[in-house]
Amino acid sequence: MDRATLQQLLRDVSEGHVSVAHAVRRLETLPCEDLGFAALDHHRTLRQGFPEVIFGEGKTPDQMKTIARSLLKRGGPLLATRVSPQAAKVLLKLDRRAVYHALARVVVVQQTPKESVGDVLVVTAGASEIPVAEEAKLTAEIMGSRVEVVYDVGVAGVHRVLGH
C-alpha cells in the first residue's frame with residue numbers, strides 16, 4: 001500500500017464510505033505478512049516508495065507464485081528477478097500484464113506507468129555482463145528512472161569509455 005492509497009482509505013473511513021472493519025482488513029498485513037517460508041514487507045512501499053521485490057534465485061516456482069500473488073493482491077507493481085524459465089511460466093499465468101524478459105531473467109507487472117524521476121546509466125565492461133545490465137535496466141525503469149545502457153566499453157583502455 002502506497003501513501004496515496006493509505007490516505008484515500010483513511011478519508012473513506014472518515015467520510016463513512018468504508019467501515020472500520022474493512023479498513024482493518026486492508027491494513028492487517030502491515031508491516032509484514034508471514035507466509036511461513038517468507039515474510040513479505042508490505043510496509044516497504046510506504047517507507048521506500050516501491051514494494052518488495054522477489055529475488056527468485058533459490059526459490060521454487062510455487063514459492064514465487066505465492067509471493068507474487070500476495071504482492072499483486074495489493075495492487076503491485078511486481079518485479080521478480082533471477083527468474084528461471086519454469087518459474088516465469090507460472091508467474092505469467094497470474095496476471096495478463098505480466099511480461100517475461102528472458103535475457104534479463106525478470107518478470108514484470110507494471111500497474112501504472114510511473115513518472116520518470118532521475119537518470120541511470122548502466123555500463124558493462126564486456127558482452128558477458130549484458131544479462132545483468134538488462135536486469136539493472138528493467139529494475140530502474142520499473143522504479144521510475146530513465147535508463148541508458150552502454151554495452152562492452154571494455155577494460156583495456158579509457159578511450160573505449162570516453163567514446164560514449
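Just one of the listed residues (S70, S128, S116) is closer than 30 Å to L162 by Cβ, out of contact with any Lys or Arg (no Cβ under 9 Å at 6 or more places or on another chain) and among the small types (G, A, S), and it is S128.
For the stretch 110-151, a residue qualifies if it is assigned to a helix (DSSP H, G or I), of a type in the set (V, I, T) and within 30 Å of R74 (Cβ to Cβ), and the qualifying residues are V132, T139, I142. Looking at K93, K114, just one residue is modelled with pLDDT under 95 and in contact with a helix residue (DSSP H, G or I) (Cβ under 9 Å, 6 or more places away or on another chain), and that residue is K114. Condition first: within 18 Å of the chain's Cα centre (by Cα) and at pLDDT 90 or above. Now tell me which residues in the stretch 123-144 satisfy that. Passing the criteria: P131, V132, A133, E134, E135, A136, K137, L138, T139, A140, E141.
Considering the stretch 22-49 alone, what residues qualify as being surrounded by 15 or more Cβ atoms within 10 Å (Cβ to Cβ), part of a loop (DSSP other than H, G, I, E, B) and under 16 Å from the mean Cα position of the chain (by Cα)? Those that are surrounded by 15 or more Cβ atoms within 10 Å (Cβ to Cβ), part of a loop (DSSP other than H, G, I, E, B) and under 16 Å from the mean Cα position of the chain (by Cα): H42, H43.
How many of the residues in the stretch 14-37 are of a type in the set (S, T, N, Q) and either at pLDDT below 80 or in contact with a strand residue (DSSP E or B) (Cβ under 6 Å, 6 or more places away or on another chain) (or both)? Count: 1. The C-beta contact set for the stretch 143-164 (first residue within 16 Å of A104 (Cβ to Cβ), second residue basic (K, R), distance under 7 angstrom, 6+ apart or interchain) comprises V147/K137; V149/K137. In the set V120, V161, V153, V108, only one residue is aliphatic (A, V, I, L, M), over 18 Å from G49 (Cα atoms) and surrounded by 14 or more Cβ atoms within 10 Å (Cβ to Cβ); that residue is V153. Against the conditions (1) modelled with pLDDT of 85 or more; (2) over 16 Å from S70 (Cβ atoms); (3) open to solvent by 40 Å² or more (accessible area, probe 1.4 Å), R3 satisfies every one except (1). Every test in (1) more than 12 Å from the chain's Cα centre (by Cα); (2) at pLDDT below 90; (3) within 26 Å of V132 (Cβ to Cβ); (4) surrounded by 19 or more Cβ atoms within 10 Å (Cβ to Cβ) is passed by E52 save one, and that test is (1). Against the conditions (1) part of a loop (DSSP other than H, G, I, E, B); (2) open to solvent by 70 Å² or more (accessible area, probe 1.4 Å), D95 satisfies every one except (2). The condition (being modelled with pLDDT of 90 or more and either in contact with a Phe, Trp or Tyr (Cβ under 7 Å, 6 or more places away or on another chain) or among the polar types (S, T, N, Q) (or both)) is satisfied by just one residue among R11, R69, R82: R82. Those residues that are outside any loop (DSSP other than H, G, I, E, B), more than 17 Å from A104 (Cα to Cα) and under 12 Å from the mean Cα position of the chain (by Cα), I need them from the stretch 68-80; list them, please. Those that are outside any loop (DSSP other than H, G, I, E, B), more than 17 Å from A104 (Cα to Cα) and under 12 Å from the mean Cα position of the chain (by Cα): A68, L71, L72.
The values are calculated or read from the model by the stated rules, or taken from the named source; none is laboratory data. Owing to the predicted nature of the structure, the values given are computational and were not obtained by experimental measurement. So basically every Cβ, Gly included, is an ideal-geometry build from the backbone, and we count neighbours across all protein chains shown. Ligands, DNA and RNA are excluded from the accessible area calculation, which covers all protein heavy atoms including side chains. Shrake-Rupley method; radii C 1.70, N 1.55, O 1.52, S 1.80 Å.
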